[in-house]
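For reference, the structure discussed in these notes is given below.
The values are calculated or read from the model by the stated rules, or taken from the named source; none is laboratory data. If you're wondering where the values come from, they're calculated on a predicted model, not measured in any experiment. Heads up, the Cβs are rebuilt from the backbone with ideal geometry, glycines too, and the neighbour counts pull from every protein chain shown.
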């Protein structure tokens with residue numbers, strides 16, 4: 001998770017986030033260092049960003065800017081939008097009363113842990129928060 005100012009472009013921070021992500025644990029063997037795919041919204045739909053993702057070995061799944069709706073991505077985007085809605089149920093995060101960045105980041109981490117803890121677990125599916 002990265003927090004930046006309101007006037008900082010998100011595309012540069014997204015590439016920093018991709019580069020700084022720790023190894024992904026999973027199956028036995030050496031852990032993967034990169035994501036296989038990146039799901040983003042239309043704001044990230046520049047050819048330079050798509051190419052930067054491909055250079056890092058990540059396939060960008062981003063709708064084109066002129067398309068209406070997100071027909072094929074609805075199920076995938078639902079998880080992201082639902083998480084944003086759950087985060088905004090906590091007023092302290094929606095309003096951001098904290099002036100210090102580390103306090104806000106710690107609250108976001110705590111709320112994410114609460115969201116994962118409250119989510120019912122379906123043992124038939126392999127899920128991660």
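The set of residues in region 1-26 that are modelled with pLDDT under 75 and in contact with a helix residue (DSSP H, G or I) (Cβ under 8 Å, 6 or more places away or on another chain) comprises 1, 2, 3, 4.
Note on region 27-50: residues that are touching a strand residue (DSSP E or B) at 6+ places or on another chain (Cβ under 7 Å), in a loop (DSSP other than H, G, I, E, B) and modelled with pLDDT under 80 amount to 1. When only residues in region 105-129 that are modelled with pLDDT of 70 or more and in contact with a helix residue (DSSP H, G or I) (Cβ under 8 Å, 6 or more places away or on another chain) count, which is farthest from residue 3 (Cα to Cα)? Residue satisfying both the conditions and the ranking: 115. For region 57-75, the count of residues that are modelled with pLDDT of 75 or more and in a helix (DSSP H, G or I) is zero. Within region 1-19, the residues that satisfy the criterion of being outside any helix (DSSP H, G or I) and farther than 21 Å from residue 107 by Cα are 7, 8, 9.
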